[in-house]
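> Sharing a structure with you now.
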Amino acid sequence: MHILSEAGPNRSVVTQLRAFLAQAELPEDGRLPPERDLASALGVTRTELRKALGTLEAEGQIWRHVGKGTFIGNRPTDSLSDIATLAKRTNPAELMRARLIIEPEIARAAALTATPMHLAELRLCQTRTRDAATWRQYENWDTRLHRTIAEATQNTPLLGMFDMLNSLRRAVTWGRLRSDPIKPSPNHHSFEEHEVIITAIENRDMNGAAAAMRTHLQSVERNLLARQSDAAD
């Protein structure tokens, strides 16, 4: 039985919930299972679950829409309908160009302000992306890695811009372009590129972190465009 303190949920419940969300096969919109089902899956009471959900919501890991459910990720800066409308007017290649403008500067800022907690989280994400058994698991941990870099800036506007781009990325649905095997190969380009980014942030190398993030996103862009080309053939 999990014991909760008055200050918040037992850390083990929050840890269980984090692990579940990182590996869960969620719908495209990121909606979590109903509370009853989620509590049963974790083996906790609904009271314990709600307190754990509250902790993650305060951290920006999930958000709630009354009458619609709980969703993974931060609450979109714009409404969901605005994001959906914008998604119809853009494409993955255009979105990548926006990421190339913004995310290298986020990495640069993170190298200056990242705390030991942020660095530990980045290392955890790196390990979990390598251990992922499916593309969905990999993408969940990859998203968490990139958001942790944004969180490490300790800059609310930068984090808000990242969350907007990430919400748009989910709406555009990159996975529809993927025809790879069930999970990333051991030599997937992101593993080494993430390592360079994380190491630069750990070393407080602001220019190196920005350059490494730009190199990584350029690799993502090349692979994305290649998949689009293959799909068109």
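Nothing in this text is a laboratory measurement; each read-out follows from the coordinates by a stated rule. This is a predicted model, so every value here is computed, not measured. For neighbour counting, all protein chains shown are included, and Cβ atoms are generated from backbone atoms with ideal geometry for every residue, glycine included.
> Can you compute 3J(HN,Hα) from phi for each residue in the stretch 103-112, using the Karplus curve 6.51 cos²θ - 1.76 cosθ + 1.60 with θ = phi - 60°, rounded to whole Hz and x for Gly and Pro?
Residue by residue, the stretch 103-112 yields 5, x, 6, 5, 5, 4, 5, 4, 4, 7 Hz.
> Just grab the label-to-label distance for Thr156 and Ala41, each label 7 Å out from Cα along the Cβ direction, in nm (one decimal).
My value for the distance between the label points is 3.2 nm.
> Report the FRET efficiency, 1/(1 + (r/R0)^6), for Glu57 and Ala93, where r is their Cβ-Cβ distance and R0 is 41 Å, rounded to 0.05.
Details: r = 33 Å, r/R0 = 0.81.
Computed FRET efficiency for Glu57 and Ala93: 0.80.
> What lysines sit close enough to Lys183 to cross-link, taking a C-alpha to C-alpha distance under 18 Å and skipping anything fewer than 8 places away on the same chain?
Within the straight-line cut-off, Lys183 pairs with nothing.
> Using R₀ = 22 Å, calculate the FRET efficiency as 1/(1 + (r/R₀)^6) where r is the Cβ-Cβ separation of Gln218 and Trp135; round to 0.05.
On the way: r = 21 Å, r/R0 = 0.94.
With R0 = 22 Å, the Cβ-Cβ based efficiency is 0.60.
> If r is the Cβ-Cβ distance from Lys183 to Arg11 and R0 is 25 Å, what FRET efficiency results, to the nearest 0.05? Display every interim value, and only then the final one.
Working: r = 30 Å, r/R0 = 1.18.
About 0.25, to the nearest 0.05.
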